[in-house]
Amino acid sequence: MESRLLKAEGVLRMLSLALAATAALLVGLDTQTKTVLLVRRKATAKDLDGLWTMTLVASITAGYHLLQLFRCMALALLGRNPCRGSKSVAWFLFLLDQGVAYATFGATMAGLQAALVAVFGVDGLQWSKLCNIYTRFCEQVAGGMLCGLAASLAMAAVSAVSAHHLFRLYPLCRRSVKAARWRWLPF
């Protein structure tokens, strides 16, 4: 059971790494140049702060998962079980996994909001639709957004596995005793 869980965690981390790196590359390296009213304009991810933030966070996320994969492989090569450790290390890794998952989801949502402004424009602020002009740029950003959302879902699964590793370190009998103390409550 434990080895299957470790393999599943490794696969989920590799999937998160691949999806986050793909999202960062698709959005960060995307540029398109068009001539609009005799002026050459270039659209990049740096033009919209939400897209640039998403690119940076996705890059950091991919690096984090790469480091975690290296940690797991190093512990496996040393013959130590990466699941058996101290509670403080397990809490630290759990909180890191949670933080990375939330940060990636938040940055992806910020990038999505910026992309929606580019798609629909804002009439009240006189911001025109950019995707009518830069169609390839917008299609590539949409692909990056889908990869970012898929990476967020994969990271949620990694966080669930991390939570399982953490709470397995606590004895089962303590949880049942605490639950028995609260049985007298009417709700």
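The values are calculated or read from the model by the stated rules, or taken from the named source; none is laboratory data. As the structure is a computational prediction, the values presented were derived from the model and not from experiment. Heads up, the Cβs are rebuilt from the backbone with ideal geometry, glycines too, and the neighbour counts pull from every protein chain shown. To get the accessible areas, we keep the full protein, side chains included, count just its heavy atoms, and leave off ligands, DNA and RNA. Shrake-Rupley method; radii C 1.70, N 1.55, O 1.52, S 1.80 Å.
Only one residue in Thr55, Thr35 is open to solvent by 30 Å² or more (accessible area, probe 1.4 Å) and either at pLDDT 90 or above or in a strand (DSSP E or B) (or both). Which one? The conditions single out Thr35. From Leu38, Leu77, Leu51, Leu67, grab the single residue that is of a type in the set (A, V, I, L, M, F, W, C) and touching a residue at least 12 places away in the same chain (Cβ under 8 Å). Of Leu38, Leu77, Leu51, Leu67, the one residue that is of a type in the set (A, V, I, L, M, F, W, C) and touching a residue at least 12 places away in the same chain (Cβ under 8 Å) is Leu51. Can we say Leu77 is within 30 Å of Ile133 (Cα to Cα) and more than 21 Å from the chain's Cα centre (by Cα)? So Leu77 does not fit the description; no. Considering (1) under 21 Å from the mean Cα position of the chain (by Cα); (2) buried (at least 16 other Cβ atoms within 10 Å of the Cβ), the lone condition that Asp47 does not fulfil carries the number (1). Within region 131-164, the set of residues being part of a loop (DSSP other than H, G, I, E, B) and either open to solvent by less than 70 Å² (accessible area, probe 1.4 Å) or over 25 Å from Ala43 (Cβ atoms) (or both) comprises Cys131, Ile133, Tyr134.
For region 61-91, a tally of residues being of a type in the set (A, V, I, L, M, F, W, C), at pLDDT below 90 and surrounded by 12 or more Cβ atoms within 10 Å (Cβ to Cβ) returns 9. Name the residue, out of Leu112, Leu116, that is part of a helix (DSSP H, G or I), surrounded by fewer than 17 Cβ atoms within 10 Å (Cβ to Cβ) and among the aliphatic types (A, V, I, L, M). Checking each option against the conditions leaves just Leu116.
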